[in-house]
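Presented below is the structure to which this report refers.
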Amino acid sequence: MIFPILFTFFLLLSSSNAAVQDFCVADLAAPEGPAGFSCKKPASVKVNDFVFSGLGIAGNTSNIIKAAVTPAFAAQFPGVNGLGISIARLDLAVGGVVPFHTHPGASEVLVVVEGTICAGFVASDNTPYLQTLEKGDIMVFPQGLLHFQVNGGEASALAFASFGSASPGLQILDFALFKNDLATELIAQTTFLDAAQIKKLKGVLGGLIRVQGAQLQKHIDATLGSGNLREAVRLPPGEDINEWLAVNTVDFFNQVNILYGTLTEFCTPVNCPTMSAGPKYEYRWADGVNIKKPIEVSAPKYVEYLMDWIENQLDEESIFPQRLGAPFPANFQDVVKTIFKRLFRVYAHIYHSHFQKIVSLKEEAHLNTCFKHFVLFTWEFHLIDKGELAPLQDLVESILQPK
Ligand SMILES: *[C@@H]1O[C@H](CO)[C@@H](O)[C@H](O)[C@H]1NC(C)=O
């Protein structure tokens, strides 16, 4: 009799889940390691650490993907730390989508509670597994595989996802590719997508098209952070004027691309058949090389031409030298002036044709700050002739008024 009891005893001991502690409530003040967060002292653990009350509330789906994920992972729900489980709420408005993503740390079980969700994953051998799930259906997504969920119905959908880890992680493919600051060219090389599409998605998702002059860029970010735009545009003492112009050109280019990116849905060839700034001003496109005679194009086409043209200038080593200390060409400031003159037109178009939309997106404060920075900078370095500013004259004057 002794033998089977001992055997059972050893079996229990050797079971890998034999816990030394009952639980390990996350100490969120300490850093997270590969095994999760450190444990809070048991004496300070309260029942609230094991309860999470946020999942009864619908997430805010007013965003680009029309979806919201509310996680109750270890970082939000300290009680699950160390237990190898967690849960999240998923809200999908009509047309909502959780784009291709992976959870590097866990497999997922999805339970549909309301509505219809079309879900799928792609296995390592590229076989897709796709299903339309109705209320009460469950689907599993194996660890690490790319998967997605789309609202397939006419009403909003609700689901809960549980995970085999307290910190499953989340990496969204489009964000990884287009919300970063890698050079467009490198993304094109590594994804086989064409540059125009990449730039458009960077605009929509907020990635920077280019990064130049890391030190000066830090200076810009720091001075902008101080809120004093007049101070922020000045040439920092001891810096080269051309370096300063170059870094700011890249910065304003990225900014305009992201601002315009929020409008691509509304600024279409149908809504904006010409690149106009009010009834009196219309811009035609010519780059002097490929298109010599100015052509009438829609606003989105104009902006596409413009952004491509600017990026080509920025890529031209003989105009924007990449090596520190390499000389700038004699006509450098003329190139910069042309870039700023044309970037101004995007602002002029946004203010005249899309300001209502900007207001409804609650972006007007941001637009005004960006434009104010732009005007103060171009004024400081005499980059745009006064006549060019006419479509936004009142606004420009109010910005330049000494306070
Ligand atoms: C939802 O998010 C949008 C965009 O960020 C915001 O404007 C809106 O106020 C939010 N709605 C609620 C109810 O929080």
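The values are calculated or read from the model by the stated rules, or taken from the named source; none is laboratory data. Computed from a predicted structure; not experimentally measured. FYI the Cβ positions are ideal-geometry reconstructions off the backbone, even for glycines, and counts take in every protein chain you see.
Scanning the stretch 350-363 for residues that are among the charged types (D, E, K, R) and part of a helix (DSSP H, G or I) turns up just one, LYS357. Scan the stretch 213-224 and give yes if some residue there is surrounded by 13 or more Cβ atoms within 10 Å (Cβ to Cβ), at pLDDT 70 or above and outside any helix (DSSP H, G or I), otherwise no. Checking the stretch 213-224: not a single residue is surrounded by 13 or more Cβ atoms within 10 Å (Cβ to Cβ), at pLDDT 70 or above and outside any helix (DSSP H, G or I). Across the stretch 8-39, the number of residues qualifying as modelled with pLDDT of 90 or more and either among the hydroxyl-bearing types (Ser, Thr, Tyr) or in the same structural domain as PHE77 (by TED's automatic domain parsing) (or both) comes to 1. When restricted to residues that are surrounded by 11 or more Cβ atoms within 10 Å (Cβ to Cβ) and of a type in the set (A, V, I, L, M, F, W, C), the stretch 36-56 contains 6.
This table checks each residue for (1) on the phi < 0 side of the Ramachandran plot; (2) surrounded by 14 or more Cβ atoms within 10 Å (Cβ to Cβ); (3) assigned by TED's automatic domain parsing to the domain that holds ILE339.
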| site | (1), (2), (3) |
| --- | --- |
| ILE258 | yes, yes, yes |
| THR264 | yes, yes, yes |
| GLY288 | no, no, yes |
| GLU296 | yes, no, yes |
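Of the set (1) away from the ligand (no atom under 16 Å from the Cβ); (2) β-branched (Val, Ile, Thr); (3) touching a residue at least 24 places away in the same chain (Cβ under 8 Å), all apply to ILE358 but (1).
Could you please let me know if TYR351 is within 22 Å of the chain's Cα centre (by Cα), touching a residue at least 40 places away in the same chain (Cβ under 8 Å) and more than 16 Å from the ligand (Cβ to nearest atom)? Considered against the rule, which asks whether it is within 22 Å of the chain's Cα centre (by Cα), touching a residue at least 40 places away in the same chain (Cβ under 8 Å) and more than 16 Å from the ligand (Cβ to nearest atom), TYR351 comes out as no.
Taking the stretch 102-120 as the range and being surrounded by 20 or more Cβ atoms within 10 Å (Cβ to Cβ) and not in a loop (DSSP other than H, G, I, E, B) as the test, the residues that pass are THR102, GLU108, LEU110, VAL112, ILE117, ALA119. Inspect all residues belonging to the stretch 63-82 and state whether any of them is at positive phi and more than 16 Å from the ligand (Cβ to nearest atom). Looking through the stretch 63-82, at least one residue is at positive phi and more than 16 Å from the ligand (Cβ to nearest atom).
Has the stretch 40-54 got at least one residue that is touching a residue at least 12 places away in the same chain (Cβ under 8 Å), assigned by TED's automatic domain parsing to the domain that holds PHE160 and either within 16 Å of the ligand (Cβ to nearest atom) or touching a Leu at 6+ places or on another chain (Cβ under 7 Å) (or both)? Yes, the stretch 40-54 contains a residue that is touching a residue at least 12 places away in the same chain (Cβ under 8 Å), assigned by TED's automatic domain parsing to the domain that holds PHE160 and either within 16 Å of the ligand (Cβ to nearest atom) or touching a Leu at 6+ places or on another chain (Cβ under 7 Å) (or both).
Looking across the stretch 300-336, the residues that are over 29 Å from the mean Cα position of the chain (by Cα) and within 20 Å of LEU383 (Cβ to Cβ) come down to ILE319, PHE328, PRO329, ALA330, ASN331, PHE332, GLN333, ASP334, VAL335.
Each row is one residue, and each column tells you yes or no for (1) under 30 Å from GLU364 (Cα atoms); (2) at pLDDT below 95; (3) assigned to a helix (DSSP H, G or I).
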| site | (1), (2), (3) |
| --- | --- |
| MET307 | yes, yes, yes |
| ILE310 | yes, yes, yes |
| ALA330 | no, yes, no |
| ARG342 | yes, no, yes |
| ALA348 | yes, no, yes |
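Looking at the structure I just gave you, is ILE5 at pLDDT below 95, within 16 Å of the ligand (Cβ to nearest atom) and hydrophobic (A, V, I, L, M, F, W, C)? No, not satisfied. Return the residues of the stretch 71-94 that are crowded, with 19+ Cβ neighbours inside 10 Å and touching an Asp or Glu at 6+ places or on another chain (Cβ under 8 Å); say none if nothing qualifies. ALA74, PRO78, GLY79, listed by residue number. Restricting attention to the stretch 141-168, the residues that are under 23 Å from ASN81 (Cβ atoms), of a type in the set (Gly, Ala, Ser) and in a strand (DSSP E or B) total 2.
Scanning the stretch 324-354 for residues that are closer than 12 Å to GLU388 by Cα and in contact with a Ser or Thr (Cβ under 6 Å, 6 or more places away or on another chain) returns a single hit, PHE340. Tell me whether the stretch 374-381 contains one or more residues that are under 22 Å from the mean Cα position of the chain (by Cα), away from the ligand (no atom under 16 Å from the Cβ) and outside any helix (DSSP H, G or I). Within the stretch 374-381 (the criterion being under 22 Å from the mean Cα position of the chain (by Cα), away from the ligand (no atom under 16 Å from the Cβ) and outside any helix (DSSP H, G or I)), the answer is no, since none of the residues qualifies. Within the stretch 302-312, at least one residue is touching a residue at least 40 places away in the same chain (Cβ under 8 Å), β-branched (Val, Ile, Thr) and farther than 19 Å from PHE266 by Cα. Looking across the stretch 162-176, the residues that are in contact with a Pro (Cβ under 9 Å, 6 or more places away or on another chain) and under 26 Å from VAL204 (Cβ atoms) come down to GLY169, LEU170, GLN171, ILE172, LEU173, ASP174, PHE175.
Taking the conditions exactly as written (of a type in the set (Gly, Ala, Ser), more than 16 Å from the ligand (Cβ to nearest atom) and at positive phi), does GLY105 satisfy them or not? Spelling it out, it is not the case that GLY105 is of a type in the set (Gly, Ala, Ser), more than 16 Å from the ligand (Cβ to nearest atom) and at positive phi.
Filter the stretch 362-394 down to the residues that are surrounded by fewer than 17 Cβ atoms within 10 Å (Cβ to Cβ) and among the aliphatic types (A, V, I, L, M), then identify the one that is nearest to LYS280 (Cα to Cα). Ranking the qualifying residues of the stretch 362-394, first place goes to ALA390.
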